[in-house]
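Reviewing the structure listed below.
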Amino acid sequence: MKSLILYILVFFVSAACGDSVPRPPSPYGPVPSEAQLRWHEMEMYCLIHYGVDTYTDKEWGYGDEDPAIVNPTGFDAGQIVEAAKAGGFKGVIVVAKHHDGLCLWPTKTTEHNISKSPWKNGRGDMIKEYQLACDKLGMKLGLYCSPWDRNSAAYGTEKYPGIYREQLKELFSNYGSLFISWHDGANGGDGFYGGARERRNIDRTSYYGWDLNFAITRKMQPSAVIFGDIGPDVRWVGNEEGHAGETCWATYSPEAPDKGQKPANGYSKYWLATEGTKSGKYWMPAECDVPLRPGWFYHPSQDGQAKSAYTLLDLYYKSVGRGAGLDLGLAPNREGLLPADDVKVLKEFGKLLETIFWENLVKDAVFSASNVRGNSDKYSASLLKDDDRYSYWATDDNILTPELTVDLKVPKTFNVIRLRENIKLGQRITSFAVDAFINNQWLEIAAATSIGANRLIRLPQNITAKKIRLRITGAEACIALSDFGLFKEPPHLTAPVIRRDKQGTVQILTNAPVAAIHYTTDGTEPTTRSPRYSRPFTFAEGGIVKARNFEANGEASEISSQQFGLSKADWKITAYFQPDTDNQAALAIDENDKTIFAADNAGFPGEVIIDMGKVQPVKAFTYLPRQDKKQNGIADKYIFWISDNGTDWKEAAKGEFANIRANPVGQNIILPEIINTRFFKFSVVHVISGSGISIAELGVLVK
């Protein structure tokens, strides 16, 4: 009663003094939970893959691997977490169990765990060491426990979901507060399964009992978001390339692939997730996952192939800069450490972000808005420069297309624009444009659609101006914008492009003249003392070519790196799968990753026979799937055969290209020992989609 009387008195006094503050805007649509807000604020984190695959050179283990092969004598969780922090990442997700079933903690649920490894005489706990490293370095910890277990004899039976839930409970009980519980959609198929060595298929919409699993997370880790292909808190963006759509809504309405199917974790139209759903049913922002190297696990053949700092920056603009999160995959090596090149790239990326965003060029600017909600300072446009994600400029309810003018006082040069909405009130703005006052007139310099938690626009050229104008051109509800900033990305010398033709001739190209290009063919870093590129050169035996642009002032670009196999100058395809494809077979060996040799209705196994012209010492076979964003005909199960005469064949390698659907990069099939052969045959046993077979490129490595 006293509280009510006090409220009435305050109301009347305020009204009498003309001091009332307009009510805040009503939320529009679904809004984020507290855990989702914290997730948005993180922006970037890393996903760490390490286990038996690190030693078997695979992406997915079969489940029959002996834990004794896992012995990282130099393992240092601090080195890995510190490298992530240097890159500007705010947390790490540790793969506690991958599809092979090996648990990296001493679980009571299965004997197939780290205690059976010689590491620390069987008394180690990798998850605990990551937790301690995160605590020490001020980083957040997340965990991924694969629901698919190719080792467990119980998988596919009624017993396994209970085992999986016990694993989640152990992880949620013993390793502190988590920021995310991460799950993916890889479920069911071939496996060891306690020695059964068979295929077990499950209904991933119902088998695991996701409602029960998620209830455990909510109870035991209430501050954690749950990531899955379709959430429930964070959705997969639909690719493993690290980018969201140019339009990207944080709201999403999951849609099943076919009529009669119900969306569940790991089951929806992935291509819809790239953009989300405008005014969707749930607040379910996108995570953009991408490995730093071509693969998620460590492979010696991928040393030196980490994405460059500027490649990561481009992905940052296309993920975080589109309101999504960036999840970068890190792959510790067999010593249990991040390779030095990977550490270097992360540090360079972190410094680059710091350089770009350390100063907001509007910090001293004067902001003028065409409308301010109730003319109140509480919703003033000046709040756009206070670096608070939740203080905001708001307009009256009926004002959906206001304008904002920013007077920088003196001309400033910028090439990056940042906008943010106060997402506590939902995602409201649907389109906007930015103008610069140049030569006494307003010129449009940028336009885009969704904003949400973050929108970064990287301009194609520098803009120098004293006045900037923001025009909101579309909105679902009155404006609640929390940030408008301008930044300057430093000049960048672009790395060269390395190409090789079928004759084995290498060209190194630049998009603009430079003082010099230096290169190496032995895998070392190019310097000004390395050979200078002046004309194409022959590189028939293959290997790694690295190149770098240099300016006269000593400025150097990032390093380009390209691995080449044996030259295909004398190669011929002597037989291939039917039906006849109009003599297009040569496209599989033309050294052009943009061309595709394909047959729409080939039988299985579909076979391609290649005559290399003479006997060659083969270290590995290579297969590049089609690179046109389509999946029809991409092989995921294969056999490579060898022959001296093209008639009598011996099996050389057999297996699966794990995860090739989501990550269609070049595949290296490393042989246990070098073999000498003139002919080899590629047999496609199974494809991920369609009834045909497709090949962008086949090759062999001899070095």
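The values are calculated or read from the model by the stated rules, or taken from the named source; none is laboratory data. In this text, all values refer to a predicted model and were calculated from it rather than measured experimentally. Note that we place each Cβ from the backbone using ideal geometry, even for glycine, and neighbour counts take in every protein chain shown.
Just a few scattered comments:
- Condition check for L312: touching a residue at least 24 places away in the same chain (Cβ under 8 Å), buried (at least 24 other Cβ atoms within 10 Å of the Cβ), out of contact with any His (no Cβ under 9 Å at 6 or more places or on another chain) and not in a helix (DSSP H, G or I): no
Quick grid of which residues meet (1) touching a strand residue (DSSP E or B) at 6+ places or on another chain (Cβ under 6 Å); (2) among the polar types (S, T, N, Q); (3) part of a loop (DSSP other than H, G, I, E, B):
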{"residue": "P332", "(1), (2), (3)": "no, no, yes"}
{"residue": "G336", "(1), (2), (3)": "no, no, yes"}
{"residue": "V343", "(1), (2), (3)": "no, no, no"}
{"residue": "L346", "(1), (2), (3)": "no, no, no"}
{"residue": "K351", "(1), (2), (3)": "no, no, no"}
{"residue": "T355", "(1), (2), (3)": "no, yes, no"}
{"residue": "L361", "(1), (2), (3)": "yes, no, yes"}
{"residue": "S368", "(1), (2), (3)": "yes, yes, no"}
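- Of all residues in segment 193-227, those being over 19 Å from Q167 (Cα atoms), hydrophobic (A, V, I, L, M, F, W, C) and modelled with pLDDT of 95 or more number 1.
- Boolean, I479 is in contact (Cβ under 8 Å) with a residue 12 or more places away in the chain, surrounded by 22 or more Cβ atoms within 10 Å (Cβ to Cβ) and within 30 Å of P24 (Cα to Cα): yes
- Taking strands (runs of 3 or more DSSP E) as the structural unit, those lying wholly within segment 466-579 and holding at least 2 residues that are closer than 30 Å to A635 by Cβ, touching a strand residue (DSSP E or B) at 6+ places or on another chain (Cβ under 7 Å) and not acidic (D, E) correspond to 497-500, 505-509, 543-550, 560-564, 572-575.
- Filter result for T677 (within 25 Å of V545 (Cα to Cα), assigned to a strand (DSSP E or B) and hydroxyl-bearing (S, T, Y)): no
- For segment 680-690, the set of residues classified as in a strand (DSSP E or B) and surrounded by fewer than 18 Cβ atoms within 10 Å (Cβ to Cβ) consists of V685, H686, listed by residue number.
- Odd one out for E359 among (1) touching a residue at least 60 places away in the same chain (Cβ under 8 Å); (2) crowded, with 17+ Cβ neighbours inside 10 Å; (3) over 28 Å from A133 (Cα atoms): (2)
- Scanning segment 523-544 for residues that are charged (D, E, K, R) and closer than 19 Å to A569 by Cβ yields R535, E541.
- Pick from segment 293-324, criterion among the aromatic types (F, W, Y) and touching a Ser or Thr at 6+ places or on another chain (Cβ under 9 Å), ranking: farthest from A250 (Cα to Cα): Y298
- Pairs linking a residue in segment 234-254 that is of a type in the set (D, E) to a residue that is surrounded by fewer than 24 Cβ atoms within 10 Å (Cβ to Cβ) and not in a strand (DSSP E or B), with Cβ atoms under 7 Å and 6 or more positions apart or on different chains, are E240/A662; E240/N663.
- Qualifying residue in segment 583-598 (condition: of a type in the set (F, W, Y) and at pLDDT 95 or above): no
- Residues within segment 84-108 that are small (G, A, S) and surrounded by 24 or more Cβ atoms within 10 Å (Cβ to Cβ), tallied: 4
- Breaking point among (1) among the hydroxyl-bearing types (S, T, Y); (2) in contact with a Phe, Trp or Tyr (Cβ under 8 Å, 6 or more places away or on another chain); (3) part of a strand (DSSP E or B), for S382: (3)
- Consider segment 144-177 and keep the residues that are in a helix (DSSP H, G or I) and free of Cβ contacts under 8 Å to residues at least 40 places away in the same chain. The one that is nearest to F214 (Cα to Cα) is G162.
Conditions tested, residue by residue: (1) within 30 Å of D184 (Cα to Cα); (2) out of contact with any Pro (no Cβ under 8 Å at 6 or more places or on another chain); (3) outside any loop (DSSP other than H, G, I, E, B); (4) polar (S, T, N, Q).
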position: A588; (1), (2), (3), (4): no, yes, yes, no
position: I609; (1), (2), (3), (4): no, yes, yes, no
position: V615; (1), (2), (3), (4): no, yes, yes, no
position: V618; (1), (2), (3), (4): no, yes, yes, no
position: D628; (1), (2), (3), (4): yes, yes, no, no
position: D648; (1), (2), (3), (4): no, yes, no, no
position: E651; (1), (2), (3), (4): no, yes, yes, no
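- Members of segment 178-187 found to be in a loop (DSSP other than H, G, I, E, B) and either small (G, A, S) or in contact with a strand residue (DSSP E or B) (Cβ under 7 Å, 6 or more places away or on another chain) (or both), listed by number: H183, G185, A186
- Consider segment 638-652 and keep the residues that are under 30 Å from T54 (Cβ atoms) and surrounded by fewer than 18 Cβ atoms within 10 Å (Cβ to Cβ). The one that is farthest from the chain's Cα centre (by Cα) is K650.
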